[in-house]
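The values are calculated or read from the model by the stated rules, or taken from the named source; none is laboratory data. Remember, it's a predicted structure, so these values are computed and weren't measured experimentally. Cβ placement follows ideal geometry from the backbone for every residue including glycine, while neighbour counts extend to all protein chains displayed. To get the accessible areas, we keep the full protein, side chains included, count just its heavy atoms, and leave off ligands, DNA and RNA. Shrake-Rupley method; radii C 1.70, N 1.55, O 1.52, S 1.80 Å.
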Amino acid sequence: MRIPELNKRVFIISVVFAHAAIAGTETSEVDEGEFEVSEEILAIVGDAEYGEYLAGDCTGCHQIDGSYDGIPSITGWESESFVWAMQSYKQKEREHPVMQMMAGRLSDEEIAALAAYFEKLE
Amino acid sequence: MKLNRRTFMGTAAAASMSAPAVYAGAHGRPRVVVVGGGAGGATAARYIAKDSKGEIDVTLVEPTRTYYTCFFSNLYLGGFKDFVDIGHSYGNLAANGVNVVHDWAVGVDRDTKTVSLAGGANLSYDKLILSPGIDFVDGAVNGWDLSAQNSMPHAYKAGSQTELLKAQLAAMPAGGVFAMVAPPNPYRCPPGPYERVSMVAHYLKNNNPTAKIIVADPKPKFSKMALFQEGWANHYDGMIDWVGADFGGADVSVDPSAMSVTIDGEENKVHVCNVIPAMKAGRIAELAGVTDGKWAPVNAADMSTKADANVYVLGDASQQGDMPKSGFSANSQAKVCANAVRGALTGSKVFPAKFSNTCWSLISTNDGVKVGATYQATPEKIAKVDGFISATGESADVRQATYEESEGWYSGITSDMFG
């Protein structure tokens, strides 16, 4: 799913639906509230090579081939959706103890690096 | 091929283009030997082969052709998994460039950089990664040694031992007694014995409801203790008698021929006895001379041993600091190590070490709990940064979601290990 422009309201709604669609489950959270990520953070260009290394912390749980088996796929996510999701965990706006912990220790640059890596995976 | 000047130059050019930046020339591709194909070793072998794209020659030495994961083996005991569900082959690793050798590593010569195998072969290495898991400390439990493991299984290296314990559990007489001798710290999978108690209780509740479980524990407290004790009271009230160190749980001896367990001077006749002895690094780490006491001290930045910069130890066998000995930890350490080893051998970029761990445990149907933490490398050790643990009194929905997450994790980590 492409996000046509960085109009924040459109962006938030798009992300919510993107998550539900990609996770492939009807039980995926759809009401995350209006958490906003600043344009400065969204503008960070991630280093995909660093992201590939950091992804080692993700692929112990999230299957790299995109299989969904109790833990959502993060493969092929649109970069901005990925950043939004990770920032919402980092800021503890979104519930999940593992994800809050994992996102909580990543810098904005590291989140951008992961987003750049996962976006290019098919 | 006839060697003329043109073909010679062509060969030379191709060789120099593909030659690794650091270990160029002397003996072709740099060689990594990995000993042990579990969560640490399989992951390290797979990542080095995958990320080096053929620049590094990777050999994995693992005796078993089908690897049964210790994690989730308790769920097999509880009837939540079939045995085949926890078995994995090395076929995908072989198909993706790892030279998989099914043999035992029986010696390491760090001067000549060779690993000797039980079958007689020798493997040369530039970098050696040992991920041998655990062995048991001799004489740790009075009356028990490996010759007694059929009468009193440990089932703490998954495989035939796990099947044996399950068969013994199923054969218990009505109202029989299942005993466990729990291990002292540190040991593989801190919540493992207590998840096992939960799964055994689950099985007995459904199949042999008047049976009892007695646990002799040398520790005064254990991982996720409040969560397990709450769950035991909720699901298995009156079935489990846990005898901790404060009540004589450390004073234990067993008699495999009489099937008795004596705790704090009191003899108990039992029908199944699961003895989980004190642990140490897998034997090959000791043979390699990289252990100090029971475990192998390592540098947190790359998992290289304190004894030898070209020998790395991953997972349970390592003494690294704050991480628990778990499959998740070993998998996390393997990726840091793989990045460092590849960098050392090919000049690829080495990123700073980051580690994480999460351990899920199942208490009863859809009643899952978890504990986890993140870690960083310091000059002294792998140090904890942040962590979480499930709360007592959580809703059934949260517990079910935690269990479902653990299923996803199992698929995730086994894919990450075996491809």
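When we screen A:D47, A:D65, A:D57 for residues that are open to solvent by 40 Å² or more (accessible area, probe 1.4 Å), at negative phi, at the interface with chain B (Cβ under 8 Å from one of its Cβ atoms) and of a type in the set (D, E), the only hit is A:D65. Out of B:G238, B:G265, B:G248, B:G231, one residue alone is at pLDDT 95 or above, on the phi > 0 side of the Ramachandran plot and touching a strand residue (DSSP E or B) at 6+ places or on another chain (Cβ under 8 Å). It is B:G248. When segment B:365-419 is filtered for residues that are in a strand (DSSP E or B), closer than 19 Å to B:G78 by Cα and either open to solvent by 40 Å² or more (accessible area, probe 1.4 Å) or more than 10 Å from chain A (Cβ to nearest Cβ) (or both), the ones remaining, listed by number, are B:D367, B:G368, B:V369. In segment B:305-325, of all residues being open to solvent by less than 10 Å² (accessible area, probe 1.4 Å) and small (G, A, S), the one that is nearest to the other protein chains (Cβ to nearest Cβ) corresponds to B:G315. Flag: A:E110 matches the condition of being at pLDDT 95 or above and among the charged types (D, E, K, R). Just to be sure before I move on: is A:L42 facing chain B (nearest Cβ under 8 Å), open to solvent by less than 50 Å² (accessible area, probe 1.4 Å) and touching a residue at least 24 places away in the same chain (Cβ under 8 Å) in the structure I sent? When the stated conditions are applied, A:L42 does not pass them.
Within segment A:83-101, the set of residues being closer than 20 Å to B:K354 by Cα and open to solvent by less than 20 Å² (accessible area, probe 1.4 Å) comprises A:V83, A:M86, A:Q87, A:V98, A:M101. Where strands (runs of 3 or more DSSP E) fall wholly inside segment B:205-268, the ranges with 2 or more residues that are in contact with a Leu (Cβ under 9 Å, 6 or more places away or on another chain) are B:212-216. In the set A:E122, A:E52, only one residue is away from chain B (no Cβ under 14 Å) and either open to solvent by 40 Å² or more (accessible area, probe 1.4 Å) or outside any helix (DSSP H, G or I) (or both); that residue is A:E122. Can you tell me which residue within segment B:131-183, out of those that are β-branched (V, I, T), farther than 13 Å from B:V254 by Cα and outside any loop (DSSP other than H, G, I, E, B), is most open to solvent (accessible area, probe 1.4 Å)? This residue is B:V177. Restricting segment B:333-364 to residues that are basic (K, R) and over 19 Å from the mean Cα position of the chain (by Cα), the residue that is most open to solvent (accessible area, probe 1.4 Å) is B:K349.
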